[in-house]
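Novice: Dropping the structure in here first, questions after.
Laboratory data are not the source of any read-out in this text; all were calculated from the coordinates shown. It should be emphasised that the depicted structure is a prediction, and the values quoted were computed from it without experimental measurement. Quick reminder, even Gly has a Cβ in these numbers, built from the backbone with ideal geometry, and neighbours come from all protein chains shown.
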Amino acid sequence: MRRTKRRSLHWLDYLIAAVVVAFIAVIWLRISGTLNYKWQWERIPNYILRWDEADGRWVANLLLQGLITTIRIAIYSGILALILGTLLGIARTSTNLVIRMLARTYLEVLRNIPPVVVVFIFFFFLSQQLIAVLNMETWARGIARQDDIAVWEFFFGDMRRFPSLISGVIVLALFESAFVGEIVRAGIQSIPRGQREAARSIGMSWTDEMRFIVMPQALRKVLPPLSNQFISLVKDSSIISLISVQELTYKTVELVASTRMIFEAWIATACLYFILCFGLSLLFRRLETGGKHKPR
Amino acid sequence: MTAAPPIIELCHVDKYFGPFQALTDINFAVRQGERVVVCGPSGSGKSTMIRCINRLEEHDAGTITVDGILLGDDTKDIRAVRQDVGMVFQQFNLFPHLTVLENLTIGPIRVRKMDKAAAEALGRKYLDRVHIPEQADKFPSQLSGGQQQRVAIARSLCMEPKIMLFDEPTSALDPEMISEVLEAMVELANSGMTMVCVTHEMGFARRVADKMVFMEAGRIVETAPPGEFFTAPKSDRARMFLDQILEH
């Protein structure tokens, strides 16, 4: 028998809530007895938005700057990871053994090394050389010196930081693409064989078969796990603070170093991440149920 | 009978699935305009044989020639053959993410490089042919099984094929829907299409077939005109099969 969910509170619920509150209160009292800490919550809003006296307008301060960079990185590496992951997923289902083995190797390497290690290896061995080879540093500085850089700044933030942003985006995308690839592979394999045979029987090439028959159906099926993976990507983006990409976590470290507001700063950052990720998951859930009208 | 060269010719074809031999020494020819019905107990290799004709299965030995093209590893050849050979599957295999009309036009547009308007006109023409013009903008899942199979027939016809293969087209249908699909197939046969049908519908076979092929255990046991096949089958196996299938 299925138990229905109650919508009203029972006296037992109040009891449970009271016990939890009491437990927290006791812990809190014990800590505050020993902890010598001056709470300065009132200073936090100033680090999100700051009133600029000179310009006479509100400007983003450390935490909001960091959040915006995090969002930029998440979007760019999300797109890149989706492209790489789709290719990887297709490669994983290839009939060609070499292609399949290469894809499998890529996947297993990335999946069995901790993300932090991947980030460092990629940053020191690949990204820095790549940026040097492409002469990206000079290029970005050149742009930063131009007068009309509003569009560049909108998309990439401070252009002097562009190379670091790009390495962050690439390393995160590479890491996430392994997981996206697995999701896409599952999607491709969930498409019945008959679909592909029907496509072939009307003379479609492999590319057309993938593009018009398999992938549209596969991607629609894996949309829920893909959106979950995107939320993971937002959270994982905190790792690239280690290679000095100035996203939210990096900015929080900076803030703590300069103000010593350890608790307030980290709790505020936690809230920002939570709002972002929870907001995304609500959005995706709405999109999913909204898309249910279309017959599959 | 005229001596026109066969449009489909299988010579000494063998096919293995791992260690299992699915087809043994198949020799089989179909002339232009001929209607062939392939029957036999399940697992006898009927489907495998017709799937070899458009190379959904690769044969392991022997030669298969379709419309003058020898089937081998050349993908261009295979695609050329597939454009001229339509196939209707047991499970319809319509594309669920496309509307009925899009199902019909995707082949002409993507493979024949036809423009959209011309392809849609073609699609509507064949949808009319199978008597469901009003379903054009629905999705396959909104149609009954019989309607879906008729859309699948129309989808193949949109490629204007020279040959149509039917792989048990009525086996997945509810009984009351079988006749509407068979009717569409009979009309197609009357229009002069070259057809190879794997089916258990012996009534249909009697009405349209020029030639009956009986298979068992991966071999062609008997080939005969339908009159002869139904009244006086030469092999015991075919007689037993017919007794079982026709006793109702």
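Novice: When only C-alpha pairs under 8 Å and at least 6 residues apart count, what is the relative contact order of chain B, in percent?
Specialist: Numbers: 447 pairs, mean separation 63.7, N = 248.
26 percent.
Novice: Still on this model: If you take the beta carbon distance between residue A:135 and residue A:256 as r and set R0 to 41 Å, what does 1/(1 + (r/R0)^6) give as a FRET efficiency, to the nearest 0.05?
Specialist: Numbers: r = 35 Å, r/R0 = 0.86.
Working from the Cβ atoms, E equals 0.70.
Novice: When Cβ neighbours within 10 Å are restricted to other protein chains, what is their mean count per residue of peptide A:187-199? Please list the in-between numbers first.
Specialist: Numbers: counts 0, 0, 0, 0, 1, 3, 3, 6, 6, 2, 9, 14, 7.
Counting Cβ atoms of other protein chains within 10 Å of each residue's Cβ and averaging gives 4.
Novice: Which values, in whole Å and largest first, are the semi-axes of the equivalent ellipsoid of segment A:202-296 obtained as the square root of 5 times each eigenvalue of the Cα gyration tensor? Could you put the intermediate results ahead of the total?
Specialist: Numbers: eigenvalues 333, 61, 7 Å².
Result for segment A:202-296: semi-axes of 41, 18, 6 Å.
Novice: Normalising by the residue count of chain A, find the relative contact order in percent from Cα pairs under 8 Å and 6+ residues apart. Intermediate results must be reported in sequence, preceding the final value.
Specialist: Values: 259 pairs, mean separation 74.0, N = 296.
That works out to 25 percent.
Novice: Normalised by the residues of segment A:1-106, what does the relative contact order come to in percent, with Cα pairs under 8 Å and at least six apart? It would help to have the intermediate numbers written out before the result.
Specialist: Numbers: 37 pairs, mean separation 11.1, N = 106.
Relative contact order, segment A:1-106: 10 percent.
Novice: Then there is this: Go ahead and run the numbers for FRET between residue B:80 and residue A:40, Cβ-Cβ distance against an R0 of 60 Å, rounding to 0.05.
Specialist: Working: r = 77 Å, r/R0 = 1.28.
Once rounded, the FRET efficiency stands at 0.20.
Novice: Between residue B:191 and residue B:12, what is the FRET efficiency for a Förster distance of 41 Å, r being their Cβ-Cβ separation, to the nearest 0.05?
Specialist: On the way: r = 33 Å, r/R0 = 0.80.
Once the sixth-power term is evaluated, E becomes 0.80.
Novice: Next up: Need the full-extension length gain, residue A:113 to residue A:274, defined as separation in residues times 0.36 nm minus the C-alpha distance. One decimal, nm.
Specialist: Contour length minus Cα-Cα distance gives 55.3 nm.
Novice: Starting at 0 and stepping by 5 Å, how many percent of the alpha carbon pairs of segment B:131-248 end up in each bin?
Specialist: 2, 10, 19, 21, 18, 14, 8, 5, 3, 1, 0
Novice: Determine the shielding of peptide B:92-102 by partner chains: average, over its residues, the number of Cβ atoms on other chains within 10 angstrom of each Cβ.
Specialist: On the way: counts 2, 9, 3, 7, 7, 9, 4, 1, 0, 0, 1.
The mean count of partner-chain Cβ atoms within 10 Å per residue comes to 4.
Novice: Are there trypsin sites (Lys or Arg not before Pro) in segment A:7-88 that DSSP marks as loop and that have at most 11 other Cβ atoms within 10 Å, and which are they?
Specialist: On the way: sites: A:7, A:30, A:38, A:43, A:50, A:57, A:72; in loops: A:7, A:38.
When the trypsin sites (Lys or Arg not before Pro) of segment A:7-88 are filtered for loop state and at most 11 Cβ neighbours within 10 Å, A:7, A:38 remain.
Novice: Quick one: go through segment B:190-224 and flag any residue whose amide nitrogen is under 16 Å from the point 7 Å out along the Cα-to-Cβ line of residue B:21.
Specialist: B:216-221
Novice: Hey, what number do you get for the protein assembly as shown at 222 nm if only DSSP H runs of n ≥ 4 count, each worth -39500 (n - 2.57), divided across all residues, to the nearest 500? Present the calculation step by step, with values, prior to reporting the outcome.
Specialist: Values: 23 runs with 300 residues, N = 544.
Value at 222 nm, helices only: -17500 deg cm²/dmol.
Novice: Ok, one more. How many Å³ per residue does the convex hull of the Cα positions in chain B occupy? Intermediate results must be reported in sequence, preceding the final value.
Specialist: Details: hull volume 33.1 nm³, N = 248.
It is 133 Å³ per residue.
Novice: Describe numerically, in nm with one decimal, the distance between label points set 7 Å from Cα along Cα→Cβ at residue A:266 and at residue A:154.
Specialist: 3.8
Novice: Can you give me the angle between helix A:62-92 and the longest principal axis of chain A, using Cα atoms only, in degrees from 0 to 90, rounded to the nearest 10?
Specialist: The angle comes out at about 20 degrees.
Novice: How far is it, in nm, from the label point at residue A:101 to the one at residue A:79 when both lie 7 Å from their Cα along the line to the Cβ?
Specialist: Label-label distance for residue A:101 and residue A:79, simple model: 3.6 nm.
Novice: Still on this model: Hey, what's the Kirkwood Rh for segment B:17-130 if you take every pair of different alpha carbons, in angstrom?
Specialist: Working: mean 1/r = 0.0605 Å⁻¹.
About 16.5 Å, per the Kirkwood formula over Cα pairs.
Novice: Against the longest alpha carbon principal axis of chain B, how many degrees, from 0 to 90 and to the nearest 10, is the axis of helix B:236-246 turned?
Specialist: 40
Novice: Specify the inter-centroid distance of segment B:77-117 and segment A:123-161, based on alpha-carbon positions, in whole Å.
Specialist: 48
Novice: Rounded to the nearest Å, what's the spacing between the alpha carbon centres of segment B:181-248 and segment A:194-248? Just the number, please.
Specialist: Distance between centres, Cα-based: 47 Å.
Novice: Which angle between 0 and 90 degrees, to the nearest 10, do you get for helix A:248-259 versus the longest principal axis of chain A when only C-alpha atoms count?
Specialist: On a 0 to 90 degree scale, this one is about 20.
Novice: Take peptide B:72-84, look around each residue's Cβ out to 10 angstrom, count Cβ atoms belonging to other protein chains, and average those counts. Don't jump to the answer; show the numbers that get you there.
Specialist: Values: counts 0, 0, 0, 2, 1, 0, 2, 6, 1, 1, 6, 4, 1.
So the per-residue partner count for this stretch is 2.
Novice: For residue A:32 paired with residue A:11, estimate the spin-label separation in nm (one decimal), with each label point 7 Å from Cα along the Cα-to-Cβ line.
Specialist: Label-label distance for residue A:32 and residue A:11, simple model: 3.1 nm.
Novice: Under the Kirkwood approximation applied to all pairs of distinct alpha-carbon atoms, what is the hydrodynamic radius of the protein assembly as shown in Å? List each step's numbers first, then the result.
Specialist: Details: mean 1/r = 0.0346 Å⁻¹.
After inverting the mean inverse Cα-Cα distance, the result is 28.9 Å.
Novice: If amide hydrogens are placed 1.01 Å from N in the peptide plane, which non-local residues have theirs closer than 5 Å to the one on residue B:166?
Specialist: Placed amide hydrogens put B:88, B:196, B:197, B:198 under 5 Å from residue B:166.
Novice: Here is a follow-up. Counting other beta carbons within 10 Å of each Cβ, put B:85, A:234 in order, fewest first. Mind dumping the intermediate values first?
Specialist: Working: B:85 27, A:234 21.
In increasing order of surrounding Cβ atoms, one gets A:234, B:85.
Novice: Also: Using the alpha carbons of chain A, what is the convex hull volume per residue in cubic angstrom, as a whole number? Don't skip to the end; give the middle numbers.
Specialist: Working: hull volume 75.3 nm³, N = 296.
Normalising the Cα hull of chain A by residue number yields 254 Å³.
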